[in-house]
Each structure stands twice: as structure tokens, then as C-alpha cells.
Amino acid sequence: MFCYQCQETAGNKGCTQVGVCGKNATVANLQDMLIWVTKGLAQVLVTLRAQGRRSDQTVNRQVTYNLFTTITNANFDNAAFQKNIVKTLELKAELLKDIKDMSELSEAALYDERELTLIYDKAVTVGVFDTEDEDIRSLRELTIYGLKGLGAYMQHANALLKEDEDIHRFIQETLVKTLEVHTPDEWVDLVLETGSYGVRAMALLDEANTSAYGHPQITQVTIGTRHNPAILISGHDLRDMEMLLKQTEGTGVDVYTHSEMLPANYYPAFKKYPHFVGNYGNAWWRQREEIESFNGPVLFTTNCIVPPKASYIDRIYTTGAAGYPGCKHLGGEIGEEKDFSEIIAHAKRLAAPTAIESGHIVGGFAHGQVFELADSIVEAVKSGAIRKFVVMAGCDGRQQGRNYYTMFAEALPKDTVILTAGCAKYRYNKLDLGDINGIPRVLDAGQCNDAYSLALIALKLKDILELNDINDLPIIYNIAWYEQKAVIVLLALLSLGIKHIHLGPTLPAFLSPNVVKVLEDNFDLASIETVEADMAAFFPEITKTRAASMIDINSSFTNR
């Protein structure tokens, strides 16, 4: 195996024996195989579209589902990948019957071997090193990982029956281009175009979520517990959240969110359920200890799975693109009502959660809510009460160096406000950082896809402050990343022309030195350093003032 798609890849080079995430070599190779046959399916769809045939939504969704299920920490189940590879081949074989001329089709499009041993043999030949040139390989993988994040967001929107045929078309055409030869400049253009479609997909998902559940509201979220049996729900899928809340109503079973599902607490439609208690725990990587103490069953709706302990693996349920061997998978297609009766019955047999903290945290600062505060925010900026906004969106992770983000938040000047989205917020959302004129110094917009809200907020401020360039705003970007949803968020920001982004805790291993140089030269992208060095870079005016003060102090002592 070779995998370097996530931030924690071994030695920041690549996992070759077993993934740091916990996946084994077989799963890693089957993921590569699924992506390859999906490229083949995409080429068939592109060819049929050129013949005047519109793609069926079921097949479009199979493409995005395949992309989604290969992102980090989503699915660890060999059987699930085998099933989807064969299903993809079956769909492709049926569609191939309608192609008039197959002479220009690639091997991936024509491949139709469904015997598992032969699939395994082929899988080891279609991975990352299928492309020899380091820089082309880097740009190709950056594009593919962006498509994985894009596919994930499309699946969430599709779950709420929102579609965009043009985004599906782009995904499929771009998958085909990853089979072709292109110049470095063409690849860079494709990377940025992928980012622009990321903006569109996040807008579609925002519309899906807000039209179904209302615009997020400023909310005090309980982080304590009650005395009822309960289910913990993790991941990102709000449709799954809705179905679970409806089916647990009146059963005596409470529901708590975990990690990236925390923002479900901000939506008006979910507030009506009295058995929806609040949030339990922290970011995804701390789940092994927190699931242990939760006592009840856990539903994983998307990525975020850490290989479970034997002591609680029988309490883990998965659905959608998520999966883990030995855990019960609760099925259900888009548009269907899933049956959560088994996990509800399981919860009733178990003890209530053990409290691990108490109190509240505040969130719900998506674009709609922030726009309502626009006058007071602009007044604070113009008066100097708010010096700068600091975008600290993205993902959390296990690396010890990620305590940098807590220290960075604590070291920020008191006249700065943090804009956040994604589970990176758990590094600082429980710190008492206070407020500025009643505006909390940590404004949580929601999940990683709600980085779209942060982009809208920036564009709104640009208009209000009558600035010509989004980079003239008093906003700095210090973003943490972990997996492929964060990749599409980064590409989306770059496609909007945003520069001077600091990315950490490391730059992606899949970026070659030459590709890093392109991003540095064109976007001033940089990796994080120490808190002190980055404070000096982000706030040079403060550094100069402090230096001048030290000169005055030294002069005073010298004169004495």
C-alpha cells in the first residue's frame, strides 16, 4: 500500500504497511481500485453525455458516493469496498451497451473483471505511483483529493434531495482528466477550477441545510449530561440527525452530538426535540475514551471513525458512507427513511452517559446570524475595537503539535475575533476568551463545509467596507487540516483569490516541493511555525511596538 492523503500520514511521507488512521493494506488498495473504476465509469458517463444522453441521478450519486467512502476515517470495511467495486462495474457494463464507438475509451472504462482475486491483483497497480513524474503526480492527487471532498459535500446535499447536474458533470469530466496527460499549468488551472466548484457545492449544501432546518441561531449548547439512556451521533449528515431525533421521540432515549455533529444544535428545526440534550465530548480523535464513558451506542454517519476498542465495538453503528468491520451497518438509500429501531432498542438496555464536563459552549454564527450583527461588527472594526478577524477553521487531529492552535488562540491580542468552522474549534472553543462589545471572541459557523459561511462573511465585509480586494480585509487565515474535506475547503478559498493562508500543522505530504513553490509564489501559502514567529508575521505592528518599547526601556537603563 501507499497512502498519503491525510495530514497524519507516516513521517509526513506516506503510509506503506498500515495506515496511521487504522486501515490495513487491503482496504487501502481497494480504495485505490474503487477510485480507478470510478474514473472508468465517469468516462463512460462523459462519453454518453457527448452523445446527447443525460446521466441518471442514481449513477451520478454512485460516483460521488464512491469518492466519499474513500476519504480518511470513513470506511474500513473490505466487504463494503468489494461490493461497491462490483456495483460500479455492473453499472458501467450496462451503460457501455449504449456507447457507439468505444475505440477512445481507457482501460479503466473497459475493465470488467469481477472475480475478487483478480480485482485484488489489479488494485496494487492503480495507486498513487501510477503517475511517475513527482510534480504531475502531486497535482493529480491534489485534484483527486479535492474531488473526494467535493463528492462528500454533494452526497450531503443529495441526502436532502438537492442536486446540481453541472457539478456532477464537472466531477466526472475531471475524473477522466486524471487519466490523461496534461501540462503542469493545465493541472494548476484544474486544481483552481475544482476549488470553484467546491464553493458551488458548499453553497448547494448550505441551501439544503437551511431550507430544511432553518438558519443556524446563536445557541448555548449544553455539554453536561442527564440520567436517561442515550445515543451519541457523530459525523456530518443532518438528514440522519433528523431521522434519529424523530424515531427516538417519546422513547425515553436522549440524543447527544459528538465532534462534527455539534453544529446540529444550532438549527431551529432540531431545537423542538426535548430529548436532544446537547454535545458530549470533543473532536473525533478523542472518541476512544469518550465513547467508553458515554455508555450508550454511537451512530457514525460519515467519516471520523477511530478503530474502536473491543470494550465497546458492539455499541458502534454505521450508516451512509461509513463502515467498520464487525459493526452493524444501518442501510437506506437517499430519499428513504432509515430504520434506527435497532440502535434505539440497544440504547434502552444500557446505562445513561457518565458526565465528563458541565456547562455550555456558544455557537451558531453562520452567515445569516453574522449578517444580523453586521452593523455592530462593522462599527467595532471602524472604531478599532476589533483589530482583526482570525480564520481558524479546519480539522483537529492527534498530533501533539496541534496544541499550537490552543496556544495561538490564547496568545491572540484581545482585540481580535476568531472565525471558525470544523472540529479544529475544539482546540479553543472551551477557553474563556471573552467578548468585544458583546461580540464573542470565538464565532463558530459550524461544520467544515460551513467554511462557506466564513467566505460569505468575508465577501460581505469587503462590500460594506468598500474594499477592492478581499485580501485588503482585516482578516488573517491560520487553518488546520486533516482530510480531504479540508482539501476542498482550501481549494475553494484559493479559487476566491484569498492569499496569505497559513496551513498546519504540516503541509500536505502529497504536495511536491515544486508544487509548494507554485502555491507560495502565487498565493503566499505558508506552513505554520512557532506561535511566537506566527504572531510576529500576522501582527507585525504589535511586534514593532513591543520592539520600540524595549528600546525605550533599554535607553532608560543606559541613561541611568
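Since every read-out is calculated from the coordinates, none of them should be taken as a lab result. All of these numbers come straight from a predicted model, not from anything done at the bench. Heads up, the Cβs are rebuilt from the backbone with ideal geometry, glycines too, and the neighbour counts pull from every protein chain shown.
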Direction-averaged shadow area of the convex hull around the Cα atoms of segment 139-210, nm²?
-> 4.2 nm²
For Leu330, the net charge from surrounding residues (Cβ-Cβ under 14 Å; K, R +1; D, E -1) works out to -4
Between Gln17 and Ser341, what is the FRET efficiency for a Förster distance of 35 Å, r being their Cβ-Cβ separation, to the nearest 0.05?
-> 0.30
Out of segment 90-176, which trypsin sites (Lys or Arg not before Pro) are coil in DSSP terms and have no more than 14 other C-beta atoms within 10 Å?
-> Lys97, Lys100, Arg114
Report the net charge of residues surrounding Glu186, where surrounding means a beta-carbon distance below 10 angstrom and charges are Lys +1, Arg +1, Asp -1, Glu -1.
-> -2
For segment 400-429, which trypsin sites (Lys or Arg not before Pro) are in a loop by DSSP, counting at most 15 other Cβ atoms within 10 Å?
-> Lys414
If one computes the Cα centroid of segment 396-473 and of segment 3-69, what distance in Å separates the two points?
-> 32 Å
Helix-only mean residue ellipticity at 222 nm for the chain, each DSSP H run of n ≥ 4 adding -39500 (n - 2.57), per residue, nearest 500 = -14500 deg cm²/dmol
Residue among Gly332, Ala321, Asn282 farthest towards the positive dipole end of segment 219-348, charges placed on Cβ | Asn282
Computed over segment 476-545, the ratio Rg/Rh where both radii use C-alpha atoms and Rh is Kirkwood = 0.99
Long-range amide H partners of Asp254, meaning residues 5 or more apart or on another chain whose placed amide H is closer than 5 Å, are Ala230, Ile231
Roughly what would the spin-label model give for Lys382 and Glu410, points 7 Å off Cα along C-beta, in nm?
-> 3.7 nm
For Asp375 and Gln51, compute 0.36 nm times the residue count separating them, minus their Cα-Cα distance, and round to one decimal in nm.
-> 111.4 nm
Of Lys23/Lys83; Lys87/Lys148; Lys23/Lys328; Lys462/Lys485, which pairs sit farther than 22 Å apart, going by alpha carbon to alpha carbon?
-> Lys462/Lys485
Cα radius of gyration and Dmax for segment 10-212 (Å) | 16.5, 49
Length-normalised contact order of the chain, Cα under 8 Å, at least 6 apart, in percent, tallies to 17 percent
Amide H of His329: which non-local residues (sequence gap of 5 or more, or other chain) have their own amide H closer than 5 Å, using H built in the peptide plane?
-> Thr318
Can you give the convex hull volume of the alpha carbon atoms of the chain per residue, in Å³?
-> 166 Å³
Within segment 138-208, GluC sites (Glu not before Pro) in DSSP loop having at most 12 other beta-carbon neighbours inside 10 Å | Glu180
Using a cut-off of 14 Å between beta-carbons, work out the net charge of the residues near Ala351 (Lys and Arg +1, Asp and Glu -1, Ala351 not included).
-> +2
Kirkwood Rh in Å, taken over segment 373-545 so that all alpha-carbon pairs contribute = 16.4 Å
Taking every C-alpha to C-alpha distance in segment 25-135 and binning by 5 Å from 0, the per-bin percentages run 2, 12, 24, 23, 19, 12, 7, 2, 0
Looking at Gly127, Ile475, Leu493, which one has the Cα that reaches farthest to the positive end of the dipole of the chain (charges on Cβ: Lys, Arg +1; Asp, Glu -1)?
-> Ile475
Once whole DSSP H runs in the chain are found, which of them have Cα atoms spread over 30 Å or more along the helix axis and a mean Kyte-Doolittle score of at least 0.5?
-> 25-50
Can you tell me the order of 236-247, 304-315, 215-226 when each peptide is scored by its average per-residue count of other Cβ atoms within 10 angstrom, highest first?
-> 236-247, 215-226, 304-315
When a footprinting reagent is the concern and you count Cβ atoms within 10 Å, what order do Ser211, Ser55 take, fewest first?
-> Ser211, Ser55
